[in-house]
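First comes the structure, then the notes that go with it.
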Amino acid sequence: MERRSDANDIVDLLIIGGGINGCGIARDAAGRGMSVLLAEMNDLASATSSSSTKLFHGGLRYLEYFEFRLVREALIEREVLLSAMPHISWPMRFVLPYHEDMRFEGATPTSKLLNTFMPWMKGRRPAWLIRLGLFLYDNLGGRKILPGTATLKLSGSVEGDPLQDRFAKAYEYSDCWIEDSRLVVLNARDAVNRGADIRTRTRVTAATQTDGIWSIEMVDEASGETSTVQARMVVNAGGPWVGNILRQTIHSNTREDVRLVRGSHIVTRKLYEHDKCYFLQGTDGRIIFTIPYERDFTLIGTTDSDHPDPATHPVCTDEEKQYLIDFASQYLKTPVTQDDIIWSYSGVRPLYDDGASSATAATRDYTLKVEKISGAPLLNIFGGKITTYRRLAESALEAIGEFFPDLPDPWTAGVALPGGDFAVGDFDKLVAKLKTDFPFLSDRWAWRLVRAYGTDAWNILAGAASAEDLGQDFGATLSEREVDWLIKTEFAKSAEDVVWRRNKLGLRLDASQIQHLNQWMMDYVA
């Protein structure tokens with residue numbers, strides 16, 4: 001399909017929201033030849049999409065809610081996505097310690113069935129059911145890269161060493177890790193490379209319709225300047241704000257809405273030496289993960305609590321911190337304490353409001369709703385999970401195709417994101433080659449650059465013969481050359497964008513270093 005342009009400069013799609021759904025749709029649409037403008041009121045991935053548990057996973061626990069379609073789609077996507085972004089995603093093994101007192105969360109359909117037909121179990125989760133779930137998990141989506149489930153004897157093993165002695169057996173299965181905020185940025189970059197216009201710090205303030213065409217008013221949050229853009233279709237990918245956009249900006253009468261669920265996490269000192277994640281179940285039937293994080297830390301999460309208002313910034317409360325500490329300490333030999341916490345974060349999941357009885361039970365599946373307002377088409381995105389973002393984008397383009405009948409076929413499956421054009425198993429080779437080509441890099445520095453940028457690391461370092469050639473050192477191997485790259489190609493405008501979303505060096509830099517970086521960036525932009 002030829003890219004449209006006309007005298008009135010009407011874009012095909014105006015996308016509201018720069019999270020993973022908005023950026024994924026922008027990339028897919030631009031790659032099919034559509035003219036796309038995306039407006040994000042803050043930084044890319046500044047809300048939900050940088051506050052996940054950072055996993056590409058099928059969602060083992062969703063099997064107990066009979067969400068087989070969602071789990072199957074997510075399981076298939078794991079390896080599709082892994083192949084397209086082996087720098088920011090990688091395989092991880094998950095260890096599920098078993099004990100006879102493991103219990104269901106009472107609201108799941110599976111627990112209700114077993115309580116009806118096997119009341120003598122008294123809500124306990126039997127080993128045969130876990131094995132059945134893992135069998136389905138191994139086979140629902142097919143596997144070519146990831147190894148299948150295994151049974152572990154914990155006594156005397158590296159996996160058993162951090163755990164209390166009462167755990168003798170565990171099941172081990174595969175899922176994947178993902179650098180969530182980098183995933184968003186790389187989708188945005190690829191969208192721009194294919195012709196999209198991505199505008200951060202740009203708030204959509206009003207949307208009206210005339211003769212089936214949208215007129216969208218926007219304001220630049222930095223300069224205060226306003227502008228108006230016309231579009232043939234609007235995509236509302238506002239995440240937690242999707243309902244507010246519907247009611248206050250677009251003035252839709254739809255009854256569809258989101259259920260906001262807060263998920264909180266803590267990052268602690270490194271709790272164990274191996275590189276596997278623990279899948280832990282509490283006495284209330286809920287689960288958490290303890291995940292090796294940024295090489296020197298452990299990530300523990302998540303909670304599920306209703307969050308009433310997207311305008312209220314989500315924080316990990318003292319009660320949630322203690323809940324996660326107590327939860328993990330039920331399993332670990334050395335209890336976790338408040339003093340172990342290095343950082344905490346919280347995000348709001350904009351789940352489709354399906355009337356579920358609890359935040360935990362609310363569906364993680366996505367729902368797409370198309371409506372016409374005075375003849376102008378609008379697509380609203382409700383819910384979803386990071387693992388299925390690419391399939392959500394394909395489904396969105398299928399819905400959009402009703403109004404753009406000449407759209408080309410889907411194209412994103414297996415197509416590498418920027419920097420991801422290398423084989424999944426070649427990461428270590430890439431690190432070794434980067435060190436050979438730039439001998440001044442330390443092992444950790446080279447590893448970090450390849451993990452963040454993949455083959456783009458060579459573009460960042462091009463021509464440098466020493467660390468001094470990279471300009472100012474901001475600390476923790478963050479150089480002026482790298483920050484320049486982030487400003488010019490990855491939409492970064494503040495130190496927070498850099499050290500908490502383009503990377504996680506905020507865990508290693510102190511407040512004065514971050515303040516210095518922010519001042520340097522302000523001077524750079526000025």
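The values are calculated or read from the model by the stated rules, or taken from the named source; none is laboratory data. It should be emphasised that the depicted structure is a prediction, and the values quoted were computed from it without experimental measurement. Reconstructed Cβ throughout: ideal geometry from the backbone, glycine too, with neighbour counts over all protein chains shown. To get the accessible areas, we keep the full protein, side chains included, count just its heavy atoms, and leave off ligands, DNA and RNA. Shrake-Rupley method; radii C 1.70, N 1.55, O 1.52, S 1.80 Å.
In nm, to one decimal, how far is the modelled label at Phe68 from the one at Ala511, with both set 7 Å along Cα→Cβ?
In this crude spin-label approximation the distance works out to 5.5 nm.
By a straight-distance test (C-alpha under 23 Å), which lysines pair with Lys144 as possible cross-link partners, with residues fewer than eight away in the same chain excluded?
List returned: Lys54, Lys276, Lys385, Lys429.
Nearest 20 debye, what's the magnitude of the dipole of region 341-487 about its Cα centre given +1 on Lys and Arg Cβ and -1 on Asp and Glu Cβ? Don't jump to the answer; show the numbers that get you there.
Values: 14 positive and 21 negative charges, 97 e Å.
Dipole about the Cα centre, nearest 20: 460 debye.
Tell me which of Tyr366, Leu37, Gly160 sits at the most positive position along the dipole axis of the chain, charges placed on C-beta atoms (Lys, Arg +1; Asp, Glu -1).
Checked the options; the winner is Gly160.
Would you compute the Debye intensity of region 208-308 from its alpha-carbon atoms alone, equal scatterers and no solvent, and pass along log10 I(q)/I(0) at q = 0.16, 0.21, 0.23, 0.24 Å⁻¹ to two decimals?
With one equal scatterer per Cα and no solvent, log10 I(q)/I(0) is -0.83, -1.09, -1.22, -1.27.
What is the chain's relative contact order, in percent, from Cα pairs under 8 angstrom and six or more apart in sequence?
So the answer I get is 19 percent.
Report the full-extension gain for the segment Glu468 to Trp411: residue separation times 0.36 nm, less the Cα-Cα distance, to one decimal in nm.
This chain segment gains 16.3 nm when fully extended.
Can you give the extra length, in nm with one decimal, that the chain gains between Glu100 and Leu113 once fully stretched, where that is 0.36 nm per residue apart less the Cα-Cα distance?
2.8 nm
Among Ile342, Ala127, Ala413, pick out the residue whose Cα is farthest towards the positive end of the charge dipole of the chain, where Lys and Arg carry +1 and Asp and Glu carry -1 on C-beta, about the Cα centre.
Ala127
So which lysines can Lys321 reach, going by Cα to Cα under 17 Å and dropping same-chain residues fewer than 8 places off?
Result set, ordered by chain and number: Lys270.
Over the chain, with the other protein chains present, what is the accessible area per residue in square angstrom, probe 1.4 angstrom?
About 40 Å² of surface per residue is accessible.
For the chain, how big is Rg over Rh, using alpha carbon atoms and the Kirkwood form of Rh?
0.97
Which FRET efficiency value, to the nearest 0.05, is calculated for Glu221 and Asn193 with the Förster distance at 25 angstrom and r the Cβ-Cβ distance?
0.50
Label Thr312 and Ala150 with points 7 Å out from Cα along Cα→Cβ: what is the distance between them in nm?
4.6
Debye sum, Cα scatterers, region 193-252, no solvent: what log₁₀ I/I(0) at q = 0.12, 0.16, 0.21 1/Å?
Log10 of I(q)/I(0), two decimals: -0.31, -0.55, -0.94.
Would you mind pulling out the separation of the Cα centroids of region 7-29 and region 41-92, in Å?
22
So if I take the centroid of the Cα atoms in region 425-498 and the same for region 219-276, what is the distance between those two points in Å?
30
Given the peptides 147-154, 49-56, arrange them by the average over their residues of other C-beta atoms within 10 Å, most packed first.
49-56, 147-154
Taking the Cα centre of the chain as origin, sum charge times position over the Cβ atoms of Lys and Arg (+1) and Asp and Glu (-1), and report the length of that vector in debye to the nearest 20.
Taking the Cα centre of the chain as origin, the dipole is about 1460 debye.
Run down the lysines and flag those whose C-alpha is under 23 Å from the C-alpha of Lys435, throwing out any fewer than 8 positions away in its chain.
Within the straight-line cut-off, Lys435 pairs with Lys504.
Mean residue ellipticity at 222 nm from the helices of the chain, using -39,500 (n - 2.57) per DSSP H segment of n ≥ 4 over the full residue count, to the nearest 500 deg cm²/dmol? Please list the in-between numbers first.
Values: 12 runs with 141 residues, N = 526.
The helix-only estimate for the chain comes to -8500 deg cm²/dmol at 222 nm.
Tell me, in nm to one decimal, what length is gained between Val80 and Lys169 on full extension, where the rule is 0.36 nm per residue of separation less the Cα-Cα distance?
Roughly 28.9 nm would be gained on extension.
Counting only protein heavy atoms and using a 1.4 Å probe, what share of the accessible area of the chain belongs to carbon plus sulfur, as a whole percent?
Taking all protein chains in place, the chain shows 50 percent carbon and sulfur surface.
Once both labels are modelled 7 Å past Cα along the beta-carbon direction, what's the Lys369-Trp520 spacing in nm?
4.7
Rounded, prolate or oblate: which fits region 454-499, taking a ≥ b ≥ c as square roots of the Cα gyration tensor eigenvalues, rounded meaning a/c under 1.5, else prolate when a/b beats b/c? Let's see the in-between values first.
Details: a/c = 2.14, a/b = 1.31, b/c = 1.63.
It is oblate, given that a/c is not under 1.5 and a/b is not larger than b/c.
Given an 8 Å cut-off on Cα distances and at least 6 residues of separation, report the relative contact order of region 395-510 as a percent.
Result for region 395-510 is 17 percent.
Assuming R0 = 45 Å, what is the FRET efficiency of Trp128 and Asp296, from their Cβ-Cβ distance, to the nearest 0.05? Walk me through the numbers on the way to the answer.
Working: r = 39 Å, r/R0 = 0.87.
Here the calculated transfer efficiency is 0.70.
Restricting to Cα pairs below 8 Å that are 6+ residues apart, what does the relative contact order work out to for region 164-298? Please round to a whole percent.
Computed over region 164-298, the figure is 12 percent.
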